[in-house]
Each structure stands twice: as C-alpha cells, then as structure tokens.
Amino acid sequence: MVVDERFNGGGSAADYIVDVLGRDFDGYFNNVAGDRYPFTSPAAGIWGPKVMIINEMAGSGGDLMPYMFKRRKIGLLVGKRTWGGLVHTADTPPFIDGGSMIAPRGGFFSREGKWAVENEGVGPDVEVENWPKDVIAGHDPQLERAVAEAVRLLKERPVDRAVKEPPPPTWGKRP
C-alpha cells in the first residue's frame with residue numbers, strides 16, 4: 001500500500017488511520033461458501049508492506065501522521081522532510097472586520113519526555129525531490145519511488161496469509 005500524505009495541512013490528529021495501517025490479524029474464520037477463501041480476523045486491515053509519501057508542504061497533523069507511522073515501524077517514508085509545524089491552536093477570536101487571530105497554544109512531546117517534531121518535521125527514510133522539470137514532464141518521482149519501494153518490499157516479504165482452511169479437527173478416540 002502507498003499512502004500519499006503530501007500537502008496534508010493537518011487540522012486533525014489522524015491517529016485512527018495509523019491504527020488501521022498498523023493492524024495485524026490474529027487468525028481466520030473458515031468460509032463455508034464459494035471458493036472457501038478464509039476470512040481474516042479482524043476482517044478490516046491492509047496486510048502487507050506500506051509506504052507513505054511525505055513532503056515539505058505537510059504540517060501539523062501532516063507532521064503527526066508520518067511521525068506515528070515511523071515510530072510504530074509501519075513502513076517506509078519516501079519524499080521530503082515535513083515542515084515541522086506540529087502545534088494546536090485554540091481560542092481563535094474573530095475580529096470585527098471578519099478576520100481572526102490564530103496563535104499556537106500547545107506543542108507535542110515524545111514518550112521520552114522531549115519536545116518533538118515542531119521546528120524539525122519528520123524526515124523520510126528514502127529522500128526523493130520532486131523537481132519542477134520532472135513534474136512538468138508528467139512524472140512524479142516521489143510516487144514512482146514509493147511504488148517501486150512497495151513492490152520491492154512485497155517481493156522480499158510477501159503477505160503470509162492462508163488461502164485455504166486446515167483439515168477438520170478430530171478429538172479423542174471412541175472405544
């Protein structure tokens with residue numbers, strides 16, 4: 001799976017997305033119909049390698065999502081470092097002319113008790129620049145590299161998923 005989170009201006013801590021991306025399955029339920037292809041449990045998930053594309057235009061929640069993706073070791077980050085604006089705002093008073101004032105109110109710190117991400121951003125595992133000449137020519141080097149990395153990872157570590165159920169169980173012996 002390739003997740004394109006470039007240009008994510010935030011506004012939300014999308015931890016629920018990272019939760020689903022990091023989900024693993026615990027087993028299967030047999031399927032009694034059709035080709036009998038077993039159901040995973042939980043049923044909802046994306047099994048296999050994941051790559052997230054990031055760029056310098058993603059910030060705030062767009063910094064947090066790749067931070068969580070990297071910290072939880074879900075997959076590779078490809079692209080450019082995010083802009084490093086992980087703060088939240090509150091108390092946004094309106095002005096009489098219809099404008100407003102926005103100021104940061106709170107920052108983010110790591111489990112280790114250190115301020116994180118703000119003014120740093122989140123760096124990629126594989127740095128790729130999207131040069132204007134390439135984009136104008138119809139290419140997206142970051143997307144192309146992310147897809148290549150996902151295909152490579154899938155070849156190296158294919159999804160280990162059952163495609164049929166085991167033989168029926170037997171218990172005990174009759175006299």
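Across the chain, how many lysine pairs, 8 or more apart or on two chains, come within less than 15 Å at their alpha-carbon atoms? Before the final figure, lay out each step's value.
Values: 50/70; 50/73; 50/155; 70/80.
Going through the chain pair by pair, I get 4.
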Amide H contacts of residue 87 (H built 1.01 Å from N, under 5 Å, at least 5 apart or other chain) = 60
Enter the angle in degrees (range 0 to 90, nearest 10) between the Cα long axis of helix 61-71 and the first principal axis of the Cα atoms of the chain, meaning the one along which they spread out most.
-> 40 degrees
Placing each pseudo-label 7 Å from Cα in the direction of the beta carbon, residue 136 and residue 108 end up separated by a distance in nanometres of 3.5 nm
Note down the net charge around residue 65, summing +1 for each Lys or Arg and -1 for each Asp or Glu among other residues with Cβ under 13 Å from its Cβ.
-> 0
³J(HN,Hα) across the range 114-125 via Karplus (A = 6.51, B = -1.76, C = 1.60, θ = phi - 60°), whole Hz, x for Gly/Pro?
-> 10, 4, 9, 6, 4, 6, 10, x, 10, x, x, 6
Please give the direction-averaged projected area of the C-alpha convex hull for the range 1-89, in square nanometres with one decimal.
-> 6.7 nm²
How do 74, 54, 17 stack up against each other in accessible area, from largest to smallest, with a 1.4 angstrom probe?
-> 17, 74, 54
With axes computed from alpha carbons, what is the tilt in degrees of helix 141-156 against the longest principal axis of the chain, rounded to the nearest 10 within 0 to 90?
-> 20 degrees
Segment residue 148-residue 100, extension gain: residue separation times 0.36 nm, minus the distance between their alpha carbons = 12.8 nm
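Tell me the mean residue ellipticity at 222 nm calculated for the chain from its helices only (DSSP H runs of n ≥ 4, each -39500 (n - 2.57), averaged over every residue, nearest 500). Display every interim value, and only then the final one.
On the way: 4 runs with 39 residues, N = 175.
Taken over the chain, the calculation gives -6500 deg cm²/dmol.
Which order do 86, 154 take when ranked by solvent-accessible area (1.4 Å probe, heavy atoms of all protein chains), largest first? Mind showing how you got there, number by number?
Values: 86 15, 154 85 Å².
Per-residue accessible area, sorted high to low, gives 154, 86.
Filter the chymotrypsin sites (Phe, Trp or Tyr not before Pro) in the range 75-175 to those in DSSP coil with at most 16 other Cβ atoms within 10 Å of their Cβ, and list the result.
On the way: sites: 83, 95, 108, 109, 115, 171; in loops: 83, 95, 108, 171.
Passing both the DSSP loop test and the Cβ count: 95, 108, 171.
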Roughly speaking, what is the centre-to-centre gap between the range 16-38 and the range 72-112 when only Cα atoms are used, to the nearest Å?
-> 35 Å
Which whole-Hz couplings ³J(HN,Hα) result when phi for each residue of the range 33-44 is put into the Karplus expression 6.51 cos²θ - 1.76 cosθ + 1.60, θ = phi - 60°, listed in order with x for Gly and Pro?
-> 10, x, 7, 6, 5, x, 8, 7, 10, x, 6, 8
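Where nothing but the Cβ of Lys and Arg (+1) and of Asp and Glu (-1) is charged, how large is the charge dipole of the range 57-175 around its Cα centre, in debye to the nearest 20?
On the way: 18 positive and 16 negative charges, 212 e Å.
Here the range 57-175 has a charge dipole of around 1020 debye.
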Protein chains only, probe 1.4 Å: how do 52, 57 rank by accessible area, largest first?
-> 57, 52
What is the pair-distance distribution P(r) of the chain, computed from all Cα-Cα distances in 10 Å bins starting at 0, with each bin given as a whole percent?
-> 9, 27, 26, 19, 11, 5, 2, 1, 0, 0
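The values are calculated or read from the model by the stated rules, or taken from the named source; none is laboratory data. Remember, predicted model here, so these are calculated numbers, not experimental data. Note that each Cβ is placed from the backbone with ideal geometry, even for glycine, and that neighbours are counted across all protein chains shown. Surface areas here come from the heavy atoms of the whole protein model, side chains and all, with no ligands, DNA or RNA. Shrake-Rupley method; radii C 1.70, N 1.55, O 1.52, S 1.80 Å.
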